[in-house]
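Colleague: This is the structure, below, for whatever I ask next.
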Amino acid sequence: MPADRDNSPYRDNSAYRRDASLRREVIDGRGSIDSRTFDETREIRPLARDDRDRSDVKIDAVPEATRWHSQAGQGFTDYRGTRPVAHQPQGHGRKRQGYGSQSHGPRGYGSRSPVRQSRPWGLIIAILVVILVIALIVGFFVTQSGNAQEGSGESGSASLTFTDAASDSAEGGEGGAATAPAGPVTLTVTFAGDCTLGTDEAFDYSTSLNAMYENQGDPAYFLANVAGIFGSDDLTIVNMEGTLTTSTARADKTFAFKGPADFASILTAGDVEAASLANNHSSDYGEQSLTDTISALDAAGIVNFGYDRIAYMDVKGVKVALIGTYELAEGEGIRDSMVSNIQTARNEGAQLVLVYVHWGIEREYVPNETQMYLAHEAVDAGADLVIGSHPHVIQGYEVYNGRYIVYSLGNFCFGGNSNPSDKDCLIFQQTFTVEGNDVAKNDDVNFIACSISSTPSYNNYQPTPAEGDEQARILAKFQESSDAIASMAQNFG
């Protein structure tokens, strides 16, 4: 083969070998067409160099193939292959389109003889792939729709709905119950105490939770030492004691707490799913601050509830109701409202009813009679578990009619004090077995002794499980309060 053929931009020798009827176009120096016919077995003479090396023919790189590649954390990268293609000089028509074997002479130099086109296999394959992908996607969504209707509920994830006690349930309609899974279901619920995600404007800012947030630059810092506990359960609930707002309308009170809306990410980063807002700091900057806090938690995906706002959650196919009650303003007078909310939840088809009550006297290690009265009334009305907060210290527990009542878990991620004298707190867990509307009475519970700080000398806002002697000391203290509650219950009512 002549050497000049290797240098030709037309490297496909099929351009030189055709059927017996193939017509070859050769452009002479005057712009006329020299057409010659060859036998199908005859070698075609390559164009002379002076025929091919036209000054008005350019070689351009045209994309031949594009492949999209995705990497984690990166966008798409475009990898393109190229091939040399001859095209006409500007003013003689548009660039050649497509990459088949058909060749065109530059327009304006004469007629074009027909040549046989290769089949567009790339386009055919691409169409078939698109059809296959569409079929797979349609099949996937049909299957998912069927699974959603069957609703096995064994995934362990929680779907969230909300309602006002005065309105119909967002999930069950007028008294409708969620479809219960077949057979018993076990689910573990975790409760922790007061989370004040902010500070008082009168506090030293340099030692505040807000300053720690800025210094750490990572919301996961705060609950890092308990995230493993929260992440391994089915539902984690805290008391959100403070506001997430930009309001400046501070209430006329001794302590008022607020933080920016971004602080809601502290809860999400720590695997907290829900928060009660029924407490004496939920409106520290007016009603607007409560509305802002609700919006911030909603945006972060944190279920929030309290007062007459009942939250319903589907956890592993079990409809769970979350009720928050605030006792401090009305004392025992809150009983009717609390009982009404519990009955509303039952009427809405809740299978598991959990009540978080803000009550008691600060820094008291034994609950008062009002706390015990309301706790017993809640259980009698249908609550499966009652948890308390507000005293800022731990109080013991009792079992009443087969249901656990934990009177105070103490503080937790607490921006309300940079160095409280009592840093002890508790995490409480209970694993429930639910079958239909029946919740088994059991003692499958866990009391986890903690400190609100990972260092004893000050509050670094990082609650941490206690170990060794510290763990034993906190649990003994908790048991002492529980013994006092047992004695109190014997003479109660």
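The values are calculated or read from the model by the stated rules, or taken from the named source; none is laboratory data. Since the structure is predicted, the reported quantities are computational estimates derived from the model, not experimental observations. Heads up, the Cβs are rebuilt from the backbone with ideal geometry, glycines too, and the neighbour counts pull from every protein chain shown. Just so you know, the surface numbers come from the protein's heavy atoms only, side chains and all, with ligands and any DNA or RNA stripped out. Shrake-Rupley method; radii C 1.70, N 1.55, O 1.52, S 1.80 Å.
Colleague: How do the strands (runs of 3 or more DSSP E) wholly within segment 375-493 filter down when requiring 2 or more residues that are surrounded by fewer than 18 Cβ atoms within 10 Å (Cβ to Cβ) and hydroxyl-bearing (Ser, Thr, Tyr): which remain? Please lay out each step first, then the result.
Modeller: On the way: elements: 385-389, 394-400, 403-409, 411-414, 424-435, 445-451.
Fully inside segment 375-493 and qualifying: 424-435.
Colleague: Does any residue of segment 358-374 turn out to be crowded, with 18+ Cβ neighbours inside 10 Å, touching a strand residue (DSSP E or B) at 6+ places or on another chain (Cβ under 9 Å), modelled with pLDDT of 95 or more and in a strand (DSSP E or B)?
Modeller: Yes, there is a match, as at least one residue in segment 358-374 is crowded, with 18+ Cβ neighbours inside 10 Å, touching a strand residue (DSSP E or B) at 6+ places or on another chain (Cβ under 9 Å), modelled with pLDDT of 95 or more and in a strand (DSSP E or B).
Colleague: Among all residue pairs at least 6 apart or on different chains, which show Cβ distances below 6 Å where the first residue, located in segment 475-490, is under 10 Å from residue 395 (Cα atoms) and in contact (Cβ under 8 Å) with a residue 40 or more places away in the chain and the second is among the acidic types (Asp, Glu) and not in a helix (DSSP H, G or I)?
Modeller: These pairs meet every condition: 485/398.
Colleague: Would you please name the residue that is surrounded by the most Cβ atoms within 10 Å (Cβ to Cβ), looking only at residues in segment 298-331 that are assigned to a helix (DSSP H, G or I) and touching a residue at least 24 places away in the same chain (Cβ under 8 Å)?
Modeller: Among them, the one singled out is 300.
Colleague: If you take just the helices (runs of 4 or more DSSP H) that sit entirely in segment 196-297, which of them hold at least 3 residues that are of a type in the set (Asp, Glu) and buried (at least 17 other Cβ atoms within 10 Å of the Cβ)?
Modeller: Details: elements: 209-216, 227-231, 265-269.
By residue number, no helices (runs of 4 or more DSSP H) qualify.
Colleague: If you don't mind, another one. Given the criteria open to solvent by 10 Å² or more (accessible area, probe 1.4 Å), within 30 Å of residue 245 (Cα to Cα) and in a helix (DSSP H, G or I), does residue 334 qualify?
Modeller: yes
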